[in-house]
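The values are calculated or read from the model by the stated rules, or taken from the named source; none is laboratory data. This one's a predicted model, so the numbers in the text were calculated from it and none came from an experiment. Heads up, the Cβs are rebuilt from the backbone with ideal geometry, glycines too, and the neighbour counts pull from every protein chain shown.
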Amino acid sequence: MENYSRAKKAAIKLPRVGLVMSEVTSTPPGADGETPFELQYFPPDPDLAEMVSSFYFVRIDMPVFDEYERADRPQFRIMSSTAGEYIFPDGHCFPAARATIVGPTSGSVRARGTGPLRIYGFGLLPVGWATLMGDHADKLTDRAMDAADLFGNWIDDAVGALTKAASTEERLVIANNLAREILKKNQPAPAWFTRTVDQWLTESPSPQVPELVEATGMSIRSVERMTKHYYGLSPRMLARKYRAVRAASAIARGQTLDDAQLGDAFYDQSHLIREMKRFAGATPGQLANPTRYTEATTRGRKQLAGKVSPLVSDT
């Protein structure tokens, strides 16, 4: 892979710019007055809004972290240690790297790690994913890779800068600059197409593929090829994924499906349970009493409403 050492300094530069941050999402204090787990979400700077879904910083002060992450968009993650792994829907296991690129996922992913642990990451929207991976965008579904294999060893300097940052504000500036540098590699995805697909996914509780085909004016074969490339999944699977994770997020926030306008999105209770188990890694009953990780994730994303795409804040 091409080495990006020429971008090293720009990636970790700390310009003095104003930042607007979301509220902090954390678990209730423990008996000792400290929280064993904390998660913060932040919107990206405006120039990254079509490529980055959100930034997040995680503090895990527990001996073991073992959670099922819902099916999600691609992620770029930096970890303070590599004592962890991702187990994908087909059983494939990837040992976490200091900087890991996780592709789009078609089902829940088991994430395991040994604490204490710090995670600094950001989600990639389809435009950003295609810009990062180019022709390889559709080859990393349900897989991950070491970011150093793509960018070379300069990524270690960015990892060091993030982990040693003195404040959240400084860390967020580094993260935005890092995203700018790594998203210069390839030509971006056609924005008109990704905007059409995103609108299709958010306007209906149960998106139908013929509606997307009509909205794009393309053949079904072309639409399938482009959604697989930019989103990692076929239109039908993409619709199922976002319908399930929207419902899962609503239940984890204490809403009913009717409250979330998803009351007619599933055929029956068994259909709802199957879809949530596959894409969210939990049943509706389990989500009604979410783990601290699930609760923090769904609440934190919702706090970004109005600052990011509904495709991010509602899931």
Query raised in the report: Would the stretch 178-197 turn up any residue that is in contact with a helix residue (DSSP H, G or I) (Cβ under 9 Å, 6 or more places away or on another chain), at pLDDT 95 or above and not aromatic (Phe, Trp, Tyr)?
Result: yes
Report summary line: In the stretch 254-298, anything modelled with pLDDT under 90 and among the charged types (D, E, K, R) is listed as Asp258, Asp259, Asp264, Asp268, Arg292, Glu295
Requested in this report: Could you list all residues from the stretch 235-244 that are in contact with an Asp or Glu (Cβ under 8 Å, 6 or more places away or on another chain), within 13 Å of Thr315 (Cβ to Cβ) and surrounded by 24 or more Cβ atoms within 10 Å (Cβ to Cβ)?
Outcome: Ala244
**Report entry** Subset tally (residues that are at positive phi and surrounded by 18 or more Cβ atoms within 10 Å (Cβ to Cβ)) for the stretch 114-166
**Finding:** 1
Query raised in the report: Would it be correct to say that Gly281 is crowded, with 17+ Cβ neighbours inside 10 Å and of a type outside the set (A, V, I, L, M, F, W, C)?
Result: yes
Report task. Would you be able to tell me the number of residues in the stretch 85-119 that are assigned to a loop (DSSP other than H, G, I, E, B) and either within 17 Å of the chain's Cα centre (by Cα) or not charged (D, E, K, R) (or both)? Result -> 14
Query - Unmet requirement for Gly232, which otherwise passes all of (1) surrounded by fewer than 19 Cβ atoms within 10 Å (Cβ to Cβ); (2) under 24 Å from Val102 (Cα atoms) - result: (1)
Report task. Only residues that are surrounded by fewer than 21 Cβ atoms within 10 Å (Cβ to Cβ) and assigned to a helix (DSSP H, G or I): list them for the stretch 285-311, please. Result -> Gly285, Gln286, Arg292, Tyr293, Glu295, Arg299, Lys302, Pro310, Leu311
